[in-house]
Structures are given as structure tokens and as C-alpha cells.
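Sharing a structure, written as C-alpha cells. Questions coming.
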Amino acid sequence: MIEMDQQELLSRGKNCFERGDFKRAFVIYNELLESSDPINDRNLLVECYFQMGNIFHHQGEIGKAIKAFNKVLELEPSHTDASISLSVLYNDIGHYESAKKIFNQANERVKAQGQNGGVDDIHVNKKFALKHLEIAEMYMSYNRYDEALFEYNKVIALDGKQLGVRVKIAKVYAKKNFMAKAFDELKRLKNEEPNFMDARVALGVLYYGCGQILEAQSEWERVIAKDPHNQEAAMYLNLSRTATETSL
């Protein structure tokens, strides 16, 4: 009976959290922690500490969130979501070495599980992809293009649906003056995903930067034909026409 009460409370806590009622959710999780047996209710404790860590994170209480996620890992060292959350928090407060260490440990653990015939967890892969994307953006902010490219490619390997990252990869190639690779990436993306307008817009920008004005305008016109409300394509097209008229 007690177990059923705990499960019911846990369900209520999750519902409150999903509705954004963090105050009530926290009260419920705290109540569960106080009434749980540290030995027999380990899974319940893990769930409570993890959700409390998420609540603290949402409320900007980083120190408390870190303590909660560390508590999760004390109880269940293989908890991938807690590892990734903790890594993100350490990265946010500038503890880059700690962030990298925890993230790499979790990453290696998932790889090992996959090699041992474990099920490929799409949810986990997406979380890792987001972390690699965050690292790539950090490298880009310091113009460290090789490291950024390496991380962007990891994102695609983990989550092939991140089409915008492929545009970013093309932009990195352009920054490195590898124009042929940049064109190849965007043309391939355009052909594979014809309804992904960002690839065509970026291809137009690349053409324009290389002095191929007509090709650039053609790409933007095709975007507008498919998506008349695409403001970015319209802006580039108008700017290119104005520049051409001015130069004449």
C-alpha cells in the first residue's frame, strides 16, 4: 500500500513539473525523499533527486542543482541524463575540465553499451548531440574552426535530423576558404531535403559572396516561390537587386 502511495505521489510530482508548477512538485519530491527507505527505495530516490535537480536548474539555483545531480550519480553512477545535465551546468559556470570529464565518461559508457549490443537510445543520442552542438558554438565564438567542425560532425553522426547544423558546417568550410566543400555540402543538403529552405538561402549567400549574382538570385527566387513569406530570402534578393542597380 505504501509503495502504491509513493508511486501516486511520484506521478503527481511529474504532472506538476510538466505543468510548470515547480513549487508544488518540489514539495511532493521532498516529501517522498523524507518517507523513502535509502536501501529499498533507491530508484525512487534517484527519480526524486533528478527531478529536483531539474527544478533547481529551471529556477537558476545552479549550486543546488549540481548537488542534486551529484546525489543522483552517487546512487546510480550510470544515470546518463544526470551526467549530461551536470556537465552542462559545470560548463555554464566555467568549470570546463569537470564538464568535459563527466561528459566524456557518459559518452564512453554509452558507446560501450552500444558495442555490447545495447539498444541505440535515440533520446540519449539527441542529448549528446545538443551537448556537442553547444561545444561547437563555443569554439565558433573563438574562431576555432577546426574544433568546431569536428564537433558539428559529431552532432550529425548522433542526430541526422539536425539539418541546420549541416548549414553551419558549410559556413565553417567557407570561413576556412574551402569553397568547393561548402558548395558541395549545401547542394547535397538541398537535393536531399528539397523543402529545407535554409539550405537554399545559404547557398544563395555563398553564390553571392563568390560574385555569382544570378545564381544567388535564382536560389532566393526559388525559395520565395515555395515559401512566399520567407523574409530572409526576400531581404537578400532585394539587397542584391539594389546593389546591382547601384553599381550600374
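Would region 162-248 count as rounded, prolate or oblate if I go by the C-alpha gyration tensor, calling it rounded below 1.5 in a/c and otherwise prolate when a/b exceeds b/c, oblate otherwise? Numbers along the way, then the final one.
On the way: a/c = 2.24, a/b = 1.25, b/c = 1.79.
Oblate, because a/c is 1.5 or more while a/b does not exceed b/c.
If you don't mind, there's one more thing I want to ask. Show which lysines lie in cross-link reach of K190 when reach means a straight Cα distance below 24 angstrom and same-chain residues fewer than eight apart are skipped.
Hits, sequence-local ones excluded: K126, K154, K161, K168, K171, K175, K176, K181, K226.
Okay, moving on. Project the alpha carbons of the chain onto their principal axes and report the range along each, largest first, in whole Å.
Extents along the principal axes, in whole Å: 81, 36, 35.
Using the Cα centre of region 162-248 as origin and beta-carbon charges of +1 (Lys, Arg) and -1 (Asp, Glu), tell me which of A233, A199, A180 is placed farthest towards the positive end of the dipole.
A180
Give me the dipole magnitude in Debye, nearest 20, for region 162-248 about the Cα centre, with unit charges on the beta carbon: positive for Lys and Arg, negative for Asp and Glu.
Details: 13 positive and 11 negative charges, 73 e Å.
That gives a dipole near 340 debye.
Also, quick follow-up: At 10 °C and 1.306 mPa s, grab the translational diffusion coefficient of region 134-181 from Stokes-Einstein with a Kirkwood Rh over Cα pairs, rounded to a whole number in µm² per second. Don't skip to the answer; put the middle values down first.
On the way: Rh = 10.6 Å.
After rounding, the answer is 150 µm²/s.
Compute the normalised compactness of region 1-62: alpha-carbon radius of gyration over 2.2 N^0.38 Å, N being the residue count. Write out the running numbers ahead of the final one.
Working: Rg = 11.2 Å, N = 62, 2.2 N^0.38 = 10.6 Å.
In units of the 2.2 N^0.38 Å rule of thumb, it is 1.07.
Taking neighbour counts of Cβ atoms within 10 Å as a proxy for exposure, in what order, fewest first, do D184, D227 appear?
Values: D184 13, D227 16.
Least crowded to most crowded, the residues run D184, D227.
In what order do Y90, Y139, Y96 fall by count of nearby beta-carbon atoms within 10 Å, going from fewest to most?
Details: Y90 21, Y139 18, Y96 12.
The fewest-first ordering by Cβ neighbours comes to Y96, Y139, Y90.
Where a number appears in this text, it was derived from the coordinates with a stated rule and is not lab data. Quantities reported herein were computed from a predicted structural model and do not represent experimental measurements. Here Cβ is always computed from backbone atoms with ideal geometry, including for glycine, and neighbour counts include all displayed protein chains.
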